[in-house]
Amino acid sequence: MLNVLIIDDELWARQVVRSLGDWNKLGLTIIGEADGGREGIVLIETLHPSIVITDMRMPGLDGVELLQVLNERYPEVKIIVMSGFDDFVYLKQAIRSRAIEYLLKPINPVELNAALSRCVDELQASLHIQTSWDTHVFTDKKMLDTYLNYRQQVYEYLLELNRPAVLHTMEKIEGLLTEGYTETQDGRLPARIAHDFLHLLEEFTAGTDYGLDSAWIEERRERAAWLSGYSLGEIHTILRDWLIDAIDAIEAYRKNKNRLAPEDVQAYIDRHYQETISLETVAHHFFVSKEHLSRTFKASIGENLSDYIVRKRMEKAKELIMDQRLAIKRVAELTGYIDIAYFYRVFKKHFGLTPGEMRKD
């Protein structure tokens, strides 16, 4: 069983998380709760949870500070962030801290359990890598731990697009492996390092539009299949090129996205309006400020972005309401509203009727 720690200054919020998780089904057990960041750090140090579910706005040590501590001291811990605020600062820190998911309150049980399932998958994959390498490649556990620490640093620097830091850390990895390679006497090591970094790049690009499409990954996966005879030096050169290619692709993507095309934004909303999106999250997706996005969208489309999202949702909600088989709560969820009371208010304001009144008509 993998262990979970819940951190939130509100007792009812912790109880909600307890009630919504499919703990037994996912092989998880809650080992403790904390009512703030400081207590949370103490429990993490003593209980060693695999997964931490934390609120962001708490007295004392808040969520931003807590995530920074987790990222620095416990990079192996999987993090799920909860917040009652759709706040870009919180979202940004969650991304930097490699949080699995950023959940808005009230918590959607489907989203919570999907995030927990992803945590389990990543933890099991990581355990498999460490166990396999510890047995077959790294005879020295200290060497393995150092490698995994450097690998994590590369991932974090990649998130920051910090090219010099990525290259410097890769040099440390090459030095570490070169020093320990003769001791392991395992000819598979160079190729396995290549496959590991390919996995890192896949993890980095999963669920994003960073510009590293499936063809980019597939091309390198095919090449990785032929690297078993390469030396560590040759592998290092290949990996360095892959990482620089990734950074170049991301920077080019961001530069292109800064030339904001309102029709691309409109198409994005049309695909994602049923999810939890807002002006802030759309701006983050396109790497532009909220102000710039709002002005550009209104000037081109003739409608405020937030109003456009509501209109798309209400059009879909009306269509679903007329389907007698669907419960109104389910209609709300399918149109991006977790809070059914809020859905009722928006629906009534938009149509002048409640969902139930429209269905009767």
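When each of VAL17, VAL64 is tested for being of a type in the set (A, V, I, L, M, F, W, C), out of contact with any Phe, Trp or Tyr (no Cβ under 9 Å at 6 or more places or on another chain) and outside any strand (DSSP E or B), the lone residue that passes is VAL17. Applying the set (1) in contact (Cβ under 8 Å) with a residue 24 or more places away in the chain; (2) surrounded by 13 or more Cβ atoms within 10 Å (Cβ to Cβ) to MET322 leaves exactly one unmet item: (2). Among the residues making up segment 347-361, a single one is closer than 26 Å to GLN266 by Cα and surrounded by 17 or more Cβ atoms within 10 Å (Cβ to Cβ): PHE347.
Could you please find all residues in segment 11-35 being out of contact with any helix residue (DSSP H, G or I) (no Cβ under 9 Å at 6 or more places or on another chain) and free of Cβ contacts under 8 Å to residues at least 60 places away in the same chain?
The answer is LEU11, TRP12, ARG14, GLN15, ARG18, ASN24.
Among the residues of segment 44-63, those that are farther than 21 Å from GLU122 by Cβ and surrounded by fewer than 19 Cβ atoms within 10 Å (Cβ to Cβ) comprise GLU45, THR46, ARG57, PRO59, GLY60, LEU61, ASP62. Screening segment 77-120 for residues that are within 13 Å of THR54 (Cβ to Cβ) and of a type in the set (S, T, N, Q) and picking the one that is modelled with the highest pLDDT gives SER83.
A Cβ distance below 8 Å, combined with a sequence gap of six or more or placement on separate chains, defines the contacts here; from segment 108-124, residues that are under 12 Å from MET82 (Cα atoms) reach residues that are assigned to a helix (DSSP H, G or I) and not polar (S, T, N, Q) in the pairs ASN108/GLU333; LEU112/VAL17; LEU112/LEU20. Within segment 320-361, restricting attention to residues that are among the charged types (D, E, K, R) and part of a loop (DSSP other than H, G, I, E, B), the residue that is nearest to LEU20 (Cα to Cα) is ASP339. With respect to the numbered conditions (1) in contact with a helix residue (DSSP H, G or I) (Cβ under 6 Å, 6 or more places away or on another chain); (2) farther than 19 Å from CYS119 by Cα; (3) assigned to a loop (DSSP other than H, G, I, E, B), which one is the sole condition not fulfilled by PRO75? Unmet for PRO75, out of (1) in contact with a helix residue (DSSP H, G or I) (Cβ under 6 Å, 6 or more places away or on another chain); (2) farther than 19 Å from CYS119 by Cα; (3) assigned to a loop (DSSP other than H, G, I, E, B): (2). Scanning for something under 19 Å from TYR102 (Cα atoms), at pLDDT below 85 and surrounded by fewer than 19 Cβ atoms within 10 Å (Cβ to Cβ), does segment 16-34 turn up at least one residue? Scanning segment 16-34 turns up no residue that is under 19 Å from TYR102 (Cα atoms), at pLDDT below 85 and surrounded by fewer than 19 Cβ atoms within 10 Å (Cβ to Cβ).
The values are calculated or read from the model by the stated rules, or taken from the named source; none is laboratory data. Because the structure is a prediction, the values reported are computed rather than measured. Positions of Cβ are backbone-derived with ideal geometry, glycine not excepted, and every protein chain shown enters the neighbour counts.
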